[in-house]
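Data first, discussion second: the structure below is written as structure tokens.
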Amino acid sequence: LFSGSSLVPEGYSLSWRDDFNGEELDTNNWSRGLVYDEDPSQHIRWNETEMRGGPHLLNDKYDGYILDEDSYIENGILMLANKEQDPPIVGNLPTGTYHYSSGWVNSLRKRY
């Protein structure tokens, strides 16, 4: 693991970090998936015009359907798991059959 100051290039200063030192994801800093958990109408931009994305999939370039349980803290480390699903997930938003799931977090409207 890295020490905090070793990650900051010369000429820059660290403005914020999360050391993930609790047992749960700090929802003051993070939302799971692609939406802002306090207002789901605000979200990471996905491909809405062609309906190839949604709250559980950024776009059709990804094969992992985003599930909350795939984002968790383990021993002070943020884990974003990618798992093969058998049986596959029958998803909505967007609809489809997904053989993999993924973890994803975002800090939209939480930090800056």
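A short reminder: the numbers here are calculations on the coordinates, not readings from a lab. Just so it is clear, the structure is predicted and the values come from calculations on it, not from any experiment. Here the Cβ is made from the backbone with ideal geometry for all residues, glycine too, and neighbour counts use every protein chain on show.
Some notes on this structure:
- Residues with amide H under 5 Å from that of I73, placed H, sequence gap 5 or more: L25, M79
- The stretch 5-41: chymotrypsin sites (Phe, Trp or Tyr not before Pro) in DSSP loop, at most 10 other beta carbons within 10 Å: Y12, W16
- Karplus-derived HN-Hα couplings along the stretch 74-88 (A = 6.51, B = -1.76, C = 1.60, θ = phi - 60°), whole Hz, x at Gly and Pro: 9, 6, x, 10, 6, 9, 10, 7, 10, 10, 6, 10, 9, x, x
- Across the stretch 94-101, computed HN-Hα scalar couplings (Karplus, 6.51 cos²θ - 1.76 cosθ + 1.60, θ = phi - 60°) run x, 6, x, 10, 10, 8, 9, 10 Hz from first to last residue, x flagging Gly and Pro.
- Calculated from backbone phi, Karplus (6.51, -1.76, 1.60) coupling profile of the stretch 31-38 in Hz, x at Gly/Pro: 10, 7, x, 9, 10, 7, 5, 7
- Cα-based shape type of the stretch 62-112, given that a ≥ b ≥ c are square roots of the gyration tensor eigenvalues and the cut on a/c is 1.5: oblate
- Other-chain or far-sequence residues with amide H under 5 Å of L57's (modelled H): I66
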